[in-house]
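Enquirer: Just passing along the structure, written as structure tokens.
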Amino acid sequence: MHERVLILDFGSQYTQLIARRVRELDVYCEIHPWRLGEDAIRAFDARAVILSGGPASTVLADAPTAPTAIFELGVPVLGICYGEQTMCARLGGRTEASESREFGRAEITLGTPSPLFDGVLSPGETAIVWMSHGDRVAALPAGFHTLATSSGAPFAAVADEDRRFYGLQFHPEVHHTPIGRGLLENFLFKIAGLRGDWSMRTFRDEAIARVRAQIRGGRVICGLSGGVDSSVTAKLLHEAVGEQLTCIFVDTGMLRAHEAQEVENLFRRHYNIPLVHVDAGARFLDELAGVDDPEHKRKTIGRLFIDVFEEEATKLGAVDFLAQGTVYPDVIESARAHDAAVTIKSHHNVGGLPERMRLDLVEPLRELFKDEVRALGRELGLPATFVDRHPFPGPGLAVRILGEVTRARVQLLQEADRIFLEEIRAEGLYDRIWQAFAVLLPVNAVGVMGDQRTYESACVLRAVTSVDGMTAEVFAFETSFLARVATRIVNEVKGINRVTYDVTSKPPGTIEWE
């Protein structure tokens, strides 16, 4: 029903960013593996194709290669970084390992006018872009000419205007390329002639219609965690099928302070959605006794979550469908792993239901990125306290407690975390921060409080900003703010006498605190 752009993924860490930038321009797009077959490529009915970057080298014999079929569709093609290289190599050009690699900021100079740079850069002007390549194009295919150059890339931007094929050695999708949005706009609207007919209001109406058509008169259960994905899924399903939906909320006892009550108040009492609230905190804590390895915690919580969910689902009698908040990054990662879009989203992000339940899946959010899920939540009327809340790991506070998880340690962390977020909101900073939380360390610190010597727990506070969730920068609080938060935690949370702030950032590919 919509104009569609096909993005072929060659493994770049920025591929999802390409899709997000295209979606931000109100154009629908999908990411598929570069091995996508010719029949599938033609069936997609793309109005334009984008080839992503990637870590491979086009000079190797077994390098991923752009499918010939995309150049026979008669639609514009934009190759980005590796995408430019594989496009040129496929069409008769030549690539080589460059002696002067470019990683990071670089300056390009536009030499020839082009619709791709129209209104963005004039011939002779320069611009800062983000490069990330070792190989480069050494010779252009027939019909191509150079648009822009850099010190390390003689073909920083190239084009075959007649066939509407374009290549960029740099990444227009990242924020480090200020002219990137303008280039994508030109490619989509001036070159491909798209209108931009993708909106969240349209998606909402279409998603409700699809859910009704799938479920018809059946019954559906939804695993509700209180997170953004499951909350939006539940609200959308209720608008679509009403009383045919039952939500199961497995309370692990390791949620943020007062979160379980907030979930129950909103969904059962405000929206009147049928809700089964299972208080299984004691059961989870018993299973976690003596467990300090974080991966062991995850698996334990995942296994038990499945058991509890299945028990409650069985009590409901005949059920036909299981709804879950699969989002588009889940689908993309599955496709990368298996070269096919398969479901990997787990209930509460910690496990999957056994096949013996034999329920058909309902995944109304599987086409959306996280920011789009939030936008859909606003369209559905969910309050900002749910739509805009910071990401929270499926296993809950268990993975933010380093060492053994006990009821006492959960309560300590809940209170420290509550105070931290309370002060952030009071300062008007919550919406400027992508994620903020406290972590309880497996060590005690010696301190003096009043006239008494104490030997109590230490905790770490973390807050980061992020545009895409792939990278994160530490949020620069004022020292006075951190001092106030630390003083409150030490004074109000009996059992914590030391508070520190984590000032590390998260570059691509690294793992941070859960």
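The values are calculated or read from the model by the stated rules, or taken from the named source; none is laboratory data. Note that this is a predicted model, so its numbers are computed, not measured. Please note: Cβ atoms are built from the backbone with ideal geometry, for glycine as well, and neighbour counts cover all protein chains shown. With ligands, DNA and RNA removed, areas are computed over all heavy atoms of the protein, side chains included. Shrake-Rupley method; radii C 1.70, N 1.55, O 1.52, S 1.80 Å.
Enquirer: Report the calculated FRET efficiency for Asp307 and Arg358 (r = Cβ-Cβ distance, R0 = 25 Å), to the nearest 0.05. Don't skip to the end; give the middle numbers.
Expert: Values: r = 17 Å, r/R0 = 0.69.
It comes out at approximately 0.90.
Enquirer: Under the classification rounded if a/c is under 1.5, otherwise prolate if a/b is larger than b/c and oblate if not, where does the range 210-286 fall, given a ≥ b ≥ c as square roots of the Cα gyration tensor eigenvalues? Walk me through the numbers on the way to the answer.
Expert: Details: a/c = 2.45, a/b = 1.97, b/c = 1.24.
Prolate, because a/c is 1.5 or more and a/b exceeds b/c.
Enquirer: Taking θ = phi - 60°, what integer Hz values does the Karplus form 6.51 cos²θ - 1.76 cosθ + 1.60 yield along the range 193-209, in sequence order, with x for Gly and Pro?
Expert: Values per residue, Gly and Pro as x: x, 6, 9, x, 10, 9, 9, 6, 5, 5, 4, 4, 4, 5, 5, 4, 5 Hz.
Enquirer: Sticking with this structure for a sec: Just checking my list (i) 25.6, 83; (ii) 48.4, 173; (iii) 23.6, 73 against Rg and Dmax of the Cα atoms in Å computed from this structure; which label fits?
Expert: The calculated read-out lines up with (i).
Enquirer: Thr109 to Val446: extension gain in nm, 0.36 nm per residue of separation minus the Cα-Cα distance?
Expert: Values: separation 337, 0.36 × 337 = 121.32 nm, distance 5.99 nm.
Extending this stretch completely gives an extra 115.3 nm.
Enquirer: In nm, to one decimal, how far is the Glu492 label point from the Glu72 one, both placed 7 Å along Cα→Cβ?
Expert: Spacing of the two 7 Å Cα→Cβ label points: 6.7 nm.
Enquirer: Once the piece of chain linking His296 and Arg453 is laid out straight, how much longer is it, given 0.36 nm per residue of separation minus the C-alpha distance between them? Kindly include the intermediate steps, with their values, before the conclusion.
Expert: Values: separation 157, 0.36 × 157 = 56.52 nm, distance 3.53 nm.
Length gained between His296 and Arg453: 53.0 nm.
Enquirer: Follow-up question, since we're still on this one. Aspartates and glutamates within cross-link reach of Lys299: Cα-Cα under 13 Å, excluding same-chain residues under 8 positions apart?
Expert: Within reach: Glu287, Asp307.
Enquirer: Taking every DSSP beta bridge that has both residues in the chain, what percent is antiparallel when rounded to the nearest 5? Provide the component values of the computation, followed by the final result.
Expert: Values: 39 of 77 bridges.
Percentage antiparallel, nearest 5: 50.
Enquirer: Return the carbon/sulfur percentage of the accessible area of the chain, one whole number, probe 1.4 Å, all protein chains in place. Write down the numbers at each step before the final one.
Expert: Working: 10620 of 21760 Å².
Ligands and nucleic acids excluded, carbon and sulfur give 49 percent.
Enquirer: Can you give the log10 of the normalised intensity I(q)/I(0) at q = 0.11, 0.20 Å⁻¹, computed with Debye over equal Cα scatterers of the range 380-488?
Expert: -0.41, -1.21
Enquirer: What is the range 1-74 by shape, rounded, prolate or oblate, if you read a ≥ b ≥ c off the alpha carbon gyration tensor as root eigenvalues and call it rounded for a/c under 1.5, prolate for a/b larger than b/c, and oblate otherwise? Don't skip to the end; give the middle numbers.
Expert: Working: a/c = 2.62, a/b = 1.29, b/c = 2.03.
Here the range 1-74 falls in the oblate category.
Enquirer: For the range 359-437, build the convex hull from the C-alpha positions and give me its volume per residue in Å³. Each step should come with its number before you reach the end.
Expert: Working: hull volume 11.5 nm³, N = 79.
Output value, Cα hull per residue: 146 Å³.
Enquirer: Once fully extended, how much extra length lies between Ala139 and Asp388, figured as 0.36 nm per residue of separation less the alpha-carbon to alpha-carbon distance? Intermediate values should be presented prior to the final figure.
Expert: Values: separation 249, 0.36 × 249 = 89.64 nm, distance 4.89 nm.
84.8 nm is the gain from fully extending Ala139 to Asp388.
Enquirer: Now, a different point. If you count, for each residue, the other Cβ atoms within 10 Å and average over each peptide, how do 266-279, 160-173 line up from highest to lowest?
Expert: Values: 266-279: 16.1, 160-173: 23.7.
In decreasing order of mean packing, 266-279, 160-173 become 160-173, 266-279.
Enquirer: Then there's this: Using mean Cβ contacts within 10 Å as the protection proxy, how do 425-436, 28-39 order, highest first?
Expert: Details: 425-436: 14.4, 28-39: 17.4.
The densest-packed peptide leads the list: 28-39, 425-436.
Enquirer: Modelled label-to-label distance, Arg210 and Leu60, 7 Å Cα→beta-carbon offset: nm?
Expert: Spacing of the two 7 Å Cα→Cβ label points: 3.6 nm.
Enquirer: With a 1.4 Å probe and all protein chains left in place, how much accessible area per residue does the chain have, in Å²?
Expert: On the way: 21760 Å² over 514 residues.
Per residue, the chain has an accessible area of 42 Å².
Enquirer: Shifting gears a bit: Between Arg425 and Arg35, with labels modelled 7 Å along Cα→Cβ, what's the label distance in nm to one decimal, could you check?
Expert: For the pair Arg425/Arg35, the computed spacing is 4.8 nm.
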